[in-house]
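Readers should treat all values here as calculations from the given coordinates under stated rules, not as data from a laboratory. Since the structure is predicted, the reported quantities are computational estimates derived from the model, not experimental observations. With ideal geometry, Cβ positions are generated from the backbone for all residues, glycine too; neighbour counts draw on all protein chains shown.
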Ligand code: OGA
Ligand code: NI
């Protein structure tokens with residue numbers, strides 16, 4: 001059959017393809033308006049690093065819970081070390097992801113999809129069809145928990161992908177359950193609150209590839225945003241992630257070998273009735289090396305809704321959020337311009 005000239009694939013150019021051209025400048029569509037560019041003024045306060053090995057220790061658990069509480073309240077962000085996921089599992093999944101993005105275009109194009117409801121999709125930028133400016137990023141997104149439901153859809157090339165991604169997603173899902181218990185404890189909720197729903201929750205893997213960029217000061221890999229879920233757990237191979245504090249100052253998240261980054265998302269803000277807020281973050285790019293990150297986004301299952309915990313609603317803390325779920329978020333991003341309206345604002349009762 002003859003290929004239609006209006007095929008959506010015709011206009012697709014991955015960031016990886018652009019770097020092969022070895023241009024000295026970025027194309028015009030990647031140049032952000034000056035107010036959105038990463039201006040390089042960064043605050044260098046100490047960002048929380050939580051050692052999870054102490055969580056099982058009766059003498060130290062309380063102290064760790066307090067560290068978690070402070071980090072969640074002040075920033076909505078912390079890094080975890082000694083989290084139980086072996087370095088080899090993390091290294092392997094980053095290798096598999098690197099190999100995926102290095103495949104020739106034709107090996108990836110069958111996964112190309114602009115439809116945010118698809119359980120697996122490869123694409124570039126943020127929302128390639130709608131973006132007014134483009135972001136210097138290629139990505140593969142797919143569902144993971146439980147892996148038996150989704151693994152058949154995952155890339156069959158590189159051949160190691162399913163095994164290595166499977167090992168990592170299973171481990172990170174378990175870690176998420178442990179972190180949610182600690183976070184609930186920090187809110188004086190029962191650590192087992194929603195336990196089953198969390199164990200059966202949705203897990204969206206976002207595999208990001210940010211190739212080296214000739215003009216990193218003019219563009220971004222991802223614009224400022226919050227993640228929709230309760231928790232995002234991010235594995236990265238280089239520095240590049242930045243978070244915004246409550247004073248709207250940007251902080252570079254230091255790269256720590258073996259650590260994982262934990263970000264609170266919009267559904268956590270809903271669940272805690274605003275006690276903990278989601279954290280605004282962005283991804284910068286650099287001119288020297290390609291950066292990979294693998295974000296595991298956790299919320300309740302696709303058909304379920306997150307609502308404020310009844311124990312966190314009282315006279316001093318009136319009900320401030322509506323219920324929301326992954327399907328609401330997907331409907332939201334397939335509709336409006338997510339750079340202009342925020343998903344969390346749709347969930348606030350009195351924004
Ligand atoms: C994301 C994200 C940050 C990064 O995928 O939502 O924020 O460092 N990624 O890649
Ligand atoms: Ni994010």
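Under the condition of being touching a helix residue (DSSP H, G or I) at 6+ places or on another chain (Cβ under 9 Å) and away from ligand 2 (no atom under 15 Å from the Cβ), the residues counted in the range 288-299 number 1. For the range 205-226, filtering for residues that are in contact with a strand residue (DSSP E or B) (Cβ under 6 Å, 6 or more places away or on another chain) and closer than 24 Å to residue 175 by Cα leaves 5. Residue under question is residue 285, and the condition is that it be touching a helix residue (DSSP H, G or I) at 6+ places or on another chain (Cβ under 7 Å) and crowded, with 19+ Cβ neighbours inside 10 Å; does it hold? No; evaluated as a whole, the condition is false for this residue. Scanning the range 258-278 for residues that are crowded, with 24+ Cβ neighbours inside 10 Å and within 13 Å of ligand 1 (Cβ to nearest atom) yields 262, 263, 264, 265, 266, 278. The set of residues from the range 135-173 being touching a helix residue (DSSP H, G or I) at 6+ places or on another chain (Cβ under 8 Å), over 23 Å from residue 198 (Cα atoms) and within 16 Å of ligand 1 (Cβ to nearest atom) comprises 135, 136, 137, 138, 140. Candidates are the residues of the range 229-257 that are within 12 Å of the chain's Cα centre (by Cα) and near ligand 1 (Cβ under 9 Å from one of its atoms); the one that is farthest from residue 72 (Cα to Cα) is 236. In the range 64-89, of all residues being in contact with a helix residue (DSSP H, G or I) (Cβ under 7 Å, 6 or more places away or on another chain) and part of a helix (DSSP H, G or I), the one that is farthest from residue 188 (Cα to Cα) corresponds to 89.
Within the range 184-223, track down each residue that is surrounded by 18 or more Cβ atoms within 10 Å (Cβ to Cβ), within 16 Å of ligand 1 (Cβ to nearest atom) and not in a strand (DSSP E or B). 211, 213, 216, 219, 220, 221, listed by residue number. Within the range 303-315, is there a residue that is surrounded by 18 or more Cβ atoms within 10 Å (Cβ to Cβ), part of a loop (DSSP other than H, G, I, E, B) and either out of contact with any strand residue (DSSP E or B) (no Cβ under 8 Å at 6 or more places or on another chain) or at positive phi (or both)? Yes: one or more hits.
A quick yes/no check of all residues on (1) over 18 Å from the mean Cα position of the chain (by Cα); (2) within 15 Å of ligand 2 (Cβ to nearest atom); (3) within 26 Å of residue 21 (Cβ to Cβ):
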position: 183; (1), (2), (3): yes, no, no
position: 207; (1), (2), (3): no, yes, yes
position: 215; (1), (2), (3): yes, no, yes
position: 260; (1), (2), (3): no, yes, no
position: 266; (1), (2), (3): no, yes, no
position: 272; (1), (2), (3): yes, no, no
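Which of the residues belonging to the range 225-239 are within 12 Å of ligand 2 (Cβ to nearest atom) and assigned to a loop (DSSP other than H, G, I, E, B)? Of everything in the range 225-239, those that are within 12 Å of ligand 2 (Cβ to nearest atom) and assigned to a loop (DSSP other than H, G, I, E, B) turn out to be 226, 227, 228, 229.
Taken over the range 134-157, the residue count meeting the criterion of being in a loop (DSSP other than H, G, I, E, B), more than 16 Å from ligand 2 (Cβ to nearest atom) and crowded, with 18+ Cβ neighbours inside 10 Å is 5.
What residue, among those in the range 240-258 that are more than 24 Å from residue 172 (Cα to Cα) and in contact (Cβ under 8 Å) with a residue 24 or more places away in the chain, is nearest to ligand 2 (Cβ to nearest atom)? Ranking the qualifying residues of the range 240-258, first place goes to 244.
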